[in-house]
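Some notes on the structure that comes next.
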Number of protein chains: 2
Amino acid sequence: MSDSRPIALFDSGVGGLTVLNAVARRLPHENLLYLGDTARLPYGTKSPLTVQRYAIKAVSFLLERDAKALVIACNTATALALPAIRDQVGVPLLGVIEPGARAAVEALGRLKGRREGPIAVLATEATVASNAYGLAISALAPSVPVMNVACPLFVPLAEEGWTENEVAAAAAERYLEAVRRAGAPVAVLGCTHYPLLKRTIAHSLGPQTVLVDSADSTAAALDRMLPEKLRRLGPAAGETRLLVTDASERIRKVAGRFLGREATSLELVDLP
Amino acid sequence: MSDSRPIALFDSGVGGLTVLNAVARRLPHENLLYLGDTARLPYGTKSPLTVQRYAIKAVSFLLERDAKALVIACNTATALALPAIRDQVGVPLLGVIEPGARAAVEALGRLKGRREGPIAVLATEATVASNAYGLAISALAPSVPVMNVACPLFVPLAEEGWTENEVAAAAAERYLEAVRRAGAPVAVLGCTHYPLLKRTIAHSLGPQTVLVDSADSTAAALDRMLPEKLRRLGPAAGETRLLVTDASERIRKVAGRFLGREATSLELVDLP
């Protein structure tokens with residue numbers, strides 16, 4: 001028995017490709033289908049209603065393409081739309097926030113109480129407003145304080161490729177001042193764009209703060225949750241298809257930055 | 001005879017509200033209907049095909065609402081979609097680029113040759129790629145050189161309200177270095193968001209560069225083009241309705257910044 005149907009990943013743009021990479025490394029025989037709603041990005045500055053509407057359409061599209069499991073590889077869509085999607089989906093479904101929260105709590109545990117302070121959640125305005133990370137962290141570690149910090153400019157900075165220059169540094173200094181003052185021992189990169197700015201963020205926060213992102217822990221969670229009968233067996237490597245709703249040269253360039261290799265084959269699709 | 005049907009203005013977001021203000025000042029008796037496609041903004045980083053598709057849907061929507069004239073109050077939509085729209089519309093139709101180009105050429109004329117150098121066009125990536133300003137300026141003043149400069153981060157900076165801090169200053173220094181070196185006597189703010197950064201841009205370019213934007217010249221062009229029989233007569237002041245496709249608290253806040261007063265009544269509408 002081997003199930004060749006794809007595992008589908010959905011993101012508002014191309015930041016979720018870091019999650020795709022992590023899944024491909026952990027489950028190398030699986031066929032992967034990625035959908036980035038690049039025509040309507042960003043989601044992080046928009047209202048819950050709009051994000052839910054777009055996410056539900058994307059998920060229906062992927063189920064019609066025979067997805068056997070679904071990963072919402074976007075923090076904003078996970079925060080605002082996962083509960084609404086869960087009711088409509090008959091396949092294993094995973095967001096990035098619970099795994100990200102778990103990674104943060106585990107990182108704090110590894111410090112064995114040597115440092116005091118909150119877990120800082122760096123995320124989009126929409127994710128911060130939802131307090132989804134706060135709820136997920138409380139469920140795992142009720143006594144750990146959480147501070148949410150919206151960093152909306154990090155997304156366009158990552159897309160512009162301005163990840164380590166003086167503009168990025170100045171933005172990080174502004175956004176992260178409260179985190180520095182609080183002496184947070186752990187900060188979650190709560191948006192799939194932010195890992196591109198990891199060095200700038202780390203420099204601004206200093207060595208006392210450990211940064212975690214959700215890509216690897218999401219892939220690990222998917223591996224745990226995927227039933228044996230849904231797996232595709234080796235030895236052949238799986239194939240990856242990348243679908244986007246807008247395919248400009250810019251998107252191709254940014255996608256390459258997240259993939260870590262050239263994004264040669266972006267297929268354009270239309271979502272209603 | 002008095003025609004009370006509205007003049008409609010369309011923008012990808014709320015930057016076009018500066019054009020709305022200019023039209024309201026010049027044609028105070030007209031009813032105005034503004035549509036901002038805030039659910040799918042920004043347009044400036046997207047492909048011509050996607051921008052055309054969205055702009056055509058918006059224009060159809062406004063014509064169904066009985067618009068007697070149409071202003072595309074968005075540089076990107078004007079640059080990429082105006083020709084496609086023109087074929088489908090039976091009412092007076094105006095974009096912001098021809099008026100902006102005219103304002104730039106007139107500003108250069110007022111310098112009476114005291115300064116040499118190109119007209120700099122500061123705009124989104126999509127507007128720059130179209131060279132729509134270059135073509136419009138050439139049609140008015142064939143011998144004037146034009147330099148296009150894409151400044152994509154100015155849009156999220158304006159939306160974040162970071163218009164005069166050190167992050168905005170650092171971004172302006174980077175984007176505008178070539179303009180300073182070329183000693184451009186005139187620079188066009190070729191995106192309706194950029195007037196919010198006017199002081200930062202002016203500081204970076206120095207006193208040798210005159211800044212122009214298209215809001216006032218677009219209102220003047222509309223006044224010239226609107227036939228007598230389509231006008232609404234006074235003395236009663238016209239009414240303004242603001243429609244948006246996404247209505248978060250953030251949009252309301254940003255809209256207020258462009259309007260120069262509180263945006264109390266944003267009506268949410270759904271575009272297909």
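Quick one: P(r) of the range B:147-193 from all Cα-Cα pairs, 10 Å bins, percents rounded to integers, in order of increasing distance.
24, 57, 19
From the label point of B:Glu262, set 7 Å from Cα along Cα→Cβ, how far away are the matching label points in the other copies, in nm, ordered shortest to longest?
Once sorted, the set of distances for B:Glu262 reads 5.6 nm.
Report the residue, chosen from A:Asp66, A:Asp216, A:Asp11, that carries the largest GNM mean-square fluctuation when chain A is represented by alpha-carbon nodes joined by springs under 10 Å.
A:Asp66
Within the range B:107-153, list the trypsin sites (Lys or Arg not before Pro) lying in a DSSP loop whose Cβ has at most 12 other Cβ atoms in a 10 Å radius.
Working: sites: B:Arg110, B:Lys112, B:Arg114, B:Arg115; in loops: B:Lys112, B:Arg114, B:Arg115.
Loop-located and lightly packed - B:Lys112, B:Arg114.
With all distinct Cα pairs included, what does the Kirkwood hydrodynamic radius of the range A:98-213 come out to in Å, to one decimal, could you say?
Values: mean 1/r = 0.0717 Å⁻¹.
Computed over Cα pairs of the range A:98-213, the Kirkwood hydrodynamic radius comes out at 13.9 Å.
In Å and whole numbers, how far do the C-alpha atoms of the range B:5-91 stretch along each principal axis, longest first?
Projected onto its principal axes, the Cα set of the range B:5-91 covers 37, 25, 20 Å.
Classify the range B:61-163 from the C-alpha gyration tensor, please: rounded if a/c falls under 1.5, else prolate or oblate depending on whether a/b exceeds b/c.
Values: a/c = 2.17, a/b = 1.38, b/c = 1.57.
Verdict is oblate for the range B:61-163.
In what sequence do A:Ser130, A:Ser4 fall when counting other Cβ within 10 Å, fewest first?
Values: A:Ser130 22, A:Ser4 14.
Going from sparsest to densest Cβ surroundings: A:Ser4, A:Ser130.
Longest segment of chain B with no GluC sites (Glu not before Pro) in a DSSP loop having at most 16 other Cβ atoms within 10 Å? Write down the numbers at each step before the final one.
Details: sites that count: B:Glu116, B:Glu164, B:Glu239, B:Glu262.
With a cap of 16 other Cβ atoms within 10 Å, the longest stretch comes to B:1-115.
What percentages, rounded to whole numbers, describe P(r) for chain A computed over all alpha carbon pairs with 10 Å bin width beginning at zero?
The distribution over chain A is 7, 31, 36, 20, 5, 0, given as percents.
Can you run phi through the Karplus equation (6.51, -1.76, 1.60; θ = phi - 60°) for the range B:229-236 and list ³J(HN,Hα) in whole Hz, with x for Gly and Pro?
With coefficients 6.51, -1.76 and 1.60, one gets 5, 8, 7, 9, 8, x, x, 5 Hz.
Tell me, what HN-Hα J-couplings in whole Hz come from the Karplus equation 6.51 cos²θ - 1.76 cosθ + 1.60 at θ = phi - 60° for each residue of the range B:100-105, using x for Gly and Pro?
x, 4, 4, 4, 5, 5
With viscosity set to 0.692 mPa s at 37 °C, what whole-number translational diffusion coefficient in µm²/s follows for the protein assembly as shown from Stokes-Einstein and a Kirkwood radius over Cα pairs?
133
List the distances, in nm to one decimal, from the label point of A:Gly109 to the label points of the same position in every other copy, shortest first, placing each label point 7 Å from Cα along the Cα-to-Cβ direction.
7.4
Which whole-Hz couplings ³J(HN,Hα) result when phi for each residue of the range A:253-262 is put into the Karplus expression 6.51 cos²θ - 1.76 cosθ + 1.60, θ = phi - 60°, listed in order with x for Gly and Pro?
5, 5, 4, x, 4, 6, 5, x, 7, 5
Taking a label point 7 Å from the Cα of B:Ala84 along the Cα→Cβ vector, which residues of the range A:218-258 have an amide N closer than 16 Å to it?
Of the residues in the range A:218-258, A:245-249 have backbone N under 16 Å from the label point off B:Ala84.
Inter-copy label distances at A:Leu233, 7 Å along the Cα→beta-carbon direction, one decimal in nm, shortest first?
Inter-copy label distances (nm, one decimal, shortest first): 8.7.
Going by amide H atoms built from the backbone, whose H comes under 5 Å of the H on A:Leu33, apart from near neighbours?
Residues meeting the criterion, in which the H sits 1.01 Å from N, are A:Ile7, A:Ala8, A:Leu9, A:Arg241.
Long-range amide H contacts for B:Gly13: which residues qualify at under 5 Å (H placed 1.01 Å from N, peptide plane, sequence gap of 5 or more or a different chain)?
B:Asp37
Considering amide H positions built from the backbone, and no H for Pro or chain starts, which residues 5 or more places from A:Met147, or on another chain, come under 5 Å of its amide H?
Close amide H contacts, sequence-distant or interchain: A:Ile119, A:Ala120, A:Val121.
Can you give the helix-only mean residue ellipticity at 222 nm for the protein assembly as shown, where every DSSP H stretch with n ≥ 4 adds -39500 (n - 2.57) and the sum goes over all residues, rounded to the nearest 500 deg cm²/dmol? Provide the component values of the computation, followed by the final result.
Values: 22 runs with 244 residues, N = 544.
Value at 222 nm, helices only: -13500 deg cm²/dmol.
Cross-link list B:Lys198/B:Lys253; A:Lys198/A:Lys253; A:Lys46/B:Lys46; A:Lys198/B:Lys198: which exceed 24 angstrom alpha carbon to alpha carbon? List each step's numbers first, then the result.
Numbers: B:Lys198/B:Lys253 19 Å; A:Lys198/A:Lys253 19 Å; A:Lys46/B:Lys46 17 Å; A:Lys198/B:Lys198 31 Å.
Result: A:Lys198/B:Lys198 exceed 24 Å.
Values quoted throughout were computed directly from the atomic coordinates according to the rules given, and no laboratory measurement underlies them. The structure presented is a predicted model; accordingly, all values stated were derived computationally and were not measured. When we count neighbours, we look across all protein chains shown, and the Cβ atoms used for this are built from the backbone with ideal geometry, even at glycine.
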